[in-house]
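Notes follow the structure.
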Amino acid sequence: MMNKLIVGRFVPKDSFVHRMDARAKVLLSIAYIFIIFEVTNWLGYLIMGLFTIAVTSLTKVSLKTYIQGIKPLIWLITFTVFIQMFFAPSGHVLWNYWIFKVTDIGLLNAVYVLVRFILIIMMSTVLTLTTSPLAIADALEYLMKPLLKIKFPVYEVSLMLSIALRFVPTLMDETERIMNAQRARGVDFANGGIIKRVKALVPILIPLFTNAMKRAIELGDAMEARGYQIDKPRSRYRILVWHRRDTMACLVFGLLLIILIIIKHFI
Amino acid sequence: MAITKIKKLVLTALFMAIILLQTQIPFLGYIPLGAVAVGVFATIIQFTIAIATIILGTKSGIIIGGFFGIISFIRAWSNPGSIGALIFQNPFTAIGARIMIAIIIGWFAKRYLINSPQNQLFFKLSLAGLLAAFVNTASVVMTTWLGFNVMHTTYNGIPNSNLFHWLLISVVGFNGIAEMLVGMIYVPLITQPLLKHIKNS
């Protein structure tokens, strides 16, 4: 079960990208998705591809890990590419059968979608491989700070996020224990119709929810006993520091965007 | 048990942890109904939002629903598990639909569940399950339709084809019917012992 968990995918290393501020990484990952949609020709995709490979090599995590991240999505990517190929509404028709037609634009779009898909997955993997979930939570808290002006409970939401991330591994172990206990009683989780599967899930979820509530009540008691109060200013244990390398990374992204705009409009 | 503000905060966080777990372990969050790669499966995560709303109230439900929406949105862009998941690249579909569940179930709980006689509770919770699935499906279909036909959005991997848009919406509709059935069984079976547990704590 653990290998499916995205939040557990952080690989601690001492690389340039690992050392970057989590806020910069979150912001640049979002910017990357916007930038890639600015790309409309093969030269732009080539530059984005080379840039992404350069970033992945800066993480000091083997390329094999990134490929492993793409592997489970191969079927989906293939399906999407075929759908894109057969359902393109315009372009010069190269092949036609019943409702399906392959056009030159459809073919080109399919290749672009394939490349875009892989690049976005690789870049989001860079973020999760190089940033711990708690650092991402801290970064999100900082980035949400402007919402304080509209009285959005930023600190409460960020505390909830930290508690949730802290308890995921605990709840996962508990799920595994409950499932093993149910298996020992002869419950079959893999087979059967929809009703049977729902019935098999209930004996897992009731103890899981009940135990989570028990833990929440205990944790709430402990927090109250230590005098925790909502709506009071808090000091921080983990402090995010913006370095020159973060500014540099932002500048490189800016440069990339300028190059792509030039390619889009002038080449 | 009177739930204090801090306990409510921690309970909300634990529900968020359960949602995170359900999105990451397919077995806990999705019941496959056939062509999984296309996205034909009953999602049961919206029922966790409904259960949390019934137990903790609308505000916590909205936070949990919004959290699930943001996870769906991020996954749809970075790691979509199926073709059906691609429609959640639209933030209105991913986040708006899940917040709607909390709002409607919150209203339903206030109106029909609080102080409900014990012998009617199972039936009313079944209705809440059905309503949660219906609201989710209706909101997803509506925002997707609006996205395709009014805003003319085309997302990563979704070709601008009417036929394909209908295919996607059909998948969501088919899943929705299965989810209503699952919700009617699942919500009362989980919520009743939890309410009892809170009462006894």
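Some notes on this structure:
- There is no residue in the range A:124-146 that is more than 30 Å from A:Thr59 (Cβ to Cβ), surrounded by fewer than 20 Cβ atoms within 10 Å (Cβ to Cβ) and at pLDDT 90 or above.
- Any hit, the range A:140-151, residues being of a type in the set (Asp, Glu) and in contact (Cβ under 8 Å) with a residue 40 or more places away in the chain: no
- Residue in the range A:217-247 that is farthest from B:Leu14 (Cα to Cα), counting only those that are assigned to a helix (DSSP H, G or I) and at the interface with chain B (Cβ under 10 Å from one of its Cβ atoms): A:Glu224
- A:Lys145 in contact with a helix residue (DSSP H, G or I) (Cβ under 8 Å, 6 or more places away or on another chain) and at positive phi: no
- Filter pass, A:Arg234 being touching a residue at least 60 places away in the same chain (Cβ under 8 Å) and closer than 22 Å to A:Val168 by Cβ: no
- Restricting the range A:166-208 to residues that are of a type in the set (A, V, I, L, M, F, W, C) and assigned to a loop (DSSP other than H, G, I, E, B), the residue that is nearest to the other protein chains (Cβ to nearest Cβ): A:Phe189
- In summary, A:Leu76 fulfils each of the numbered conditions (1) free of Cβ contacts under 8 Å to residues at least 40 places away in the same chain; (2) within 24 Å of A:Ile259 (Cα to Cα) with the single exception of condition (2).
- Subset tally (residues that are aromatic (Phe, Trp, Tyr) and modelled with pLDDT under 90) for the range A:220-267: 3
- From the options A:Leu46, A:Leu114, A:Leu50, residue that is in a helix (DSSP H, G or I) and loosely packed, with under 13 Cβ neighbours inside 10 Å: A:Leu50
- A:Leu76 within 19 Å of the chain's Cα centre (by Cα), of a type outside the set (S, T, N, Q) and either farther than 16 Å from B:Trp77 by Cα or crowded, with 19+ Cβ neighbours inside 10 Å (or both): yes
- Pick from the range A:82-101, criterion of a type in the set (A, V, I, L, M) and surrounded by fewer than 19 Cβ atoms within 10 Å (Cβ to Cβ), ranking: nearest to the other protein chains (Cβ to nearest Cβ): A:Ile99
- Within the range A:167-188, tally of residues that are surrounded by 15 or more Cβ atoms within 10 Å (Cβ to Cβ) and without any contact (Cβ under 8 Å) to a residue 12 or more places away in the chain: 0
- The range B:61-98 - residue that is over 13 Å from the mean Cα position of the chain (by Cα) and closer than 17 Å to B:Gly176 by Cα and, of those, surrounded by the fewest Cβ atoms within 10 Å (Cβ to Cβ): B:Ala85
- Scanning the range A:144-159 for residues that are within 16 Å of B:Ile70 (Cβ to Cβ) and in a loop (DSSP other than H, G, I, E, B) yields a total of 2.
The values are calculated or read from the model by the stated rules, or taken from the named source; none is laboratory data. Just so we're clear, the structure is a prediction, and the values are computed from it rather than from any experiment. All Cβ positions, even for glycine, are placed from backbone atoms using ideal geometry, and neighbour counts span all protein chains on display.
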